[in-house]
1. Which residues, counting only those in segment B:209-221, are touching a residue at least 60 places away in the same chain (Cβ under 8 Å) and out of contact with any Pro (no Cβ under 7 Å at 6 or more places or on another chain)?
2. If A:Phe277 meets every condition in (1) free of Cβ contacts under 8 Å to residues at least 12 places away in the same chain; (2) facing chain B (nearest Cβ under 9 Å); (3) not aliphatic (A, V, I, L, M) apart from one, which number is that one?
3. Does A:Thr287 fit the bill of being among the polar types (S, T, N, Q), within 8 Å of chain B (Cβ to nearest Cβ) and in contact (Cβ under 8 Å) with a residue 40 or more places away in the chain?
4. Cβ-Cβ below 6 Å, separation at least six or inter-chain, first residue in segment A:35-61 and in contact (Cβ under 8 Å) with a residue 12 or more places away in the chain, second of a type in the set (Val, Ile, Thr) and outside any helix (DSSP H, G or I): which pairs?
5. Which residue out of A:Arg153, A:Arg178 is facing chain B (nearest Cβ under 9 Å) and at pLDDT below 90?
6. So, in segment A:296-311, how many residues would count as being crowded, with 21+ Cβ neighbours inside 10 Å and either among the aliphatic types (A, V, I, L, M) or under 16 Å from the mean Cα position of the chain (by Cα) (or both)?
7. Given the condition in contact with a Phe, Trp or Tyr (Cβ under 7 Å, 6 or more places away or on another chain), within 12 Å of chain B (Cβ to nearest Cβ) and surrounded by 19 or more Cβ atoms within 10 Å (Cβ to Cβ), answer yes or no: does some residue in segment A:319-336 qualify?
8. If you check B:Thr178, B:Thr221, B:Thr172, which single one turns out to be surrounded by fewer than 23 Cβ atoms within 10 Å (Cβ to Cβ) and under 25 Å from the mean Cα position of the chain (by Cα)?
Amino acid sequence: MAAIAKSSFRKTKTKNAVLPYLYLLPAFLIMGVITFYPLIYQVIISFTNFETTHLLLGLKSPDLRFIGLQNYIDIFTAALPVENFNFFRVLEFNFWWALSNVILHVPAGVLIATLLNAEGLWFKRIYRAVYILPVVVPPLVVATVWTNIFDERYGAMNQLLTNISAAFLGNADPIYIRWFEDVKPPIPGFLPGAPLTLAYYAMMVANFWLGWPFMSVVATGALQSIPKDLYEAASIDGATPVQQFWGITVPLLRPAMIPAAVYGFTLSFNLFNFVFFMSGGGPARSTELLVTFAYNLVRNLRWYGVAAAFAVIIFGVALIVFLITNRITRATQNYMEA
Amino acid sequence: MAVNPQSTKNMFVRIMNINTSGQTAGRSLPLWKQLVFQLIALIILASVMFPIMYIVTLSFSSITTRPSKLELFPKEISFVAYRQVLDRPTGNPVTFIELLRNSFMLSMGVGAAALVIAVTAAYAFSRFKFKMREVLMILVFIPLLMPAVGLSTPLYLLLNQVQVKECKSGETAILPFTECSDGGKGKLQFNLRDSLLGVGIAMTASALPFAVWNLKGYLDTIPRELEEAAAIDGADANQTFWQIVIPLAVPQLAVTFFLGFIGHWQEFVLTWLFLSQPKDYTLAMTLYNMTGQYANSIPWNRFAAMAVIVALPVAIVYIGLQKQIVGGLTTGGVKG
């Protein structure tokens, strides 16, 4: 009896030791072929001169040469025969683009959520229902619509500016701002090393429209979980609304907003659709992101070896970004627990 | 997120997180403050509605020339642009139904495939302790760091090597597994890279790790009591998985599926890179074809109608699942 029990126990134990791997098997088999193998393949061809002529035979092509770190060196030293390309300028702009977006979206989202949270505000429901709309529209459509809005001759933005200037300045001349062509930065020296052209500001406007409502949704949820007595106690103690905002609202929103900000940063950092659709990285590659340049390398220039090296570099950047943001969120978690 | 106890409230009210309990009493705003707040709220309202009204107005217009002055309210409700887009969306010989079918097949197919393949792996990571667990989890996490563009080069090259050719001798060769016996080039019949199937595979490459992590995060939040009770009653791990965990996880499976759907409905990077034949085009690609540098040859009312059509399915899904999606994304964002 005891022996039977023991043997069946052992049987289930060995079965349980194999079971998790069986459960993992389908996903890992498929990822092995379509995810991990391509990732390794990418690293290999990043050391080669892979071009269109090697498309059919791949690594078996007779004239495919291993050129060591040449692709990487070319990218870092701006030795690629591409006009206006400088890796470190693109990198700087990419970080600034993501950072400046989040810096605007998060406070705007919080402030607007606070405004809508004011007790007794009329039409609250209508405002909340409308303010959510940008989150609901797919970013791809947002990007295409704003591309046409910023059209130089027929776009709504220049027409709006024309209307405003006619109404307030009495100047009826139509305004034609060349949003995506003007290479001269409107505020010189704003970001040293990477001049910000009008295209950057146009995309900031479009992405602001898309970005703050999401932050506002997150902030609204967090605001509603703050107990009302805190504010009552504070106002009895004589705290002004501004003091209450900084003393109660902001610290209690932090645990919800930091992860949202991190998410927004990562999203903006790789925001392909906006940049590709609106400015195409131009003018003079001043608004190029790492992802849009990588796309150019594959689709237009067809330098697959260089593109692979560039993707490996992007991976490295993404890893660094992740380690930093992960640290920030961890720090907030500790803050919450403390 | 505040949890709303009354699940019977209508969906819209719940989504918008609106306080319908009538507890607005207490301090009310002084009138001057109310007016200032209303003014600010109205300005924000106008800025949010500006592009939406612009594009909706444009889509209901019958004027095919490009807009010469700003109009934000429809003067006419004409469905000409919609009819034209549905009839013949682009200059290419491809019908709207085909574009729609391609978009749906890609986004639903990738969403479903990733879900089905990922669910058991997510369960294993969530519930079992085993050797190499940490290493394997990091392995699944690594591709998530790579933006979609970053994986496009090797996928392009590898999928491009899978081709079906008709040889001169009449036989068919499937590269890279078989080749024409005469070594000749043969006639290209099918290139996996230049097909919806190939794009679907490429999309699944990054959708799969995401689905594993997203589902694991959710399974972690399901209490284990039920499973333990089932185990005491003699259910083995497989039974527990299929009969307890899967039914409990259905809501999150749906959310993961729809996240995949939303994400790939507007997928542009891989489709635009891989596909060259108009019959394979998706709605997102068509919309791009009507924008910016191409906008000069396409009447803007048609572009506007197309934008509305592409936006609608996602908007509907999003409104239905907004709470889960926002919650899932923020927690998912932390975990990567």
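1. If the condition is that a residue be touching a residue at least 60 places away in the same chain (Cβ under 8 Å) and out of contact with any Pro (no Cβ under 7 Å at 6 or more places or on another chain), then B:Phe210, B:Ala211, B:Val212, B:Trp213, B:Asn214, B:Leu215, B:Lys216, B:Gly217, B:Tyr218, B:Leu219, B:Asp220 are the ones that fit.
2. So A:Phe277 meets the others, but not (1).
3. When the stated conditions are applied, A:Thr287 does not pass them.
4. These pairs meet every condition: A:Asn49/A:Ile67.
5. The unique qualifying residue is A:Arg153.
6. Qualifying residue count for the region: 7.
7. yes
8. Details: B:Thr178 fails: under 25 Å from the mean Cα position of the chain (by Cα); B:Thr172 fails: under 25 Å from the mean Cα position of the chain (by Cα).
After applying the criteria, what remains is B:Thr221.
The values are calculated or read from the model by the stated rules, or taken from the named source; none is laboratory data. Quick caveat, the model's predicted, so the values are computed rather than measured. A quick note on method: Cβ atoms are made from the backbone with ideal geometry, for glycine too, and the neighbour counts reach across all protein chains shown.
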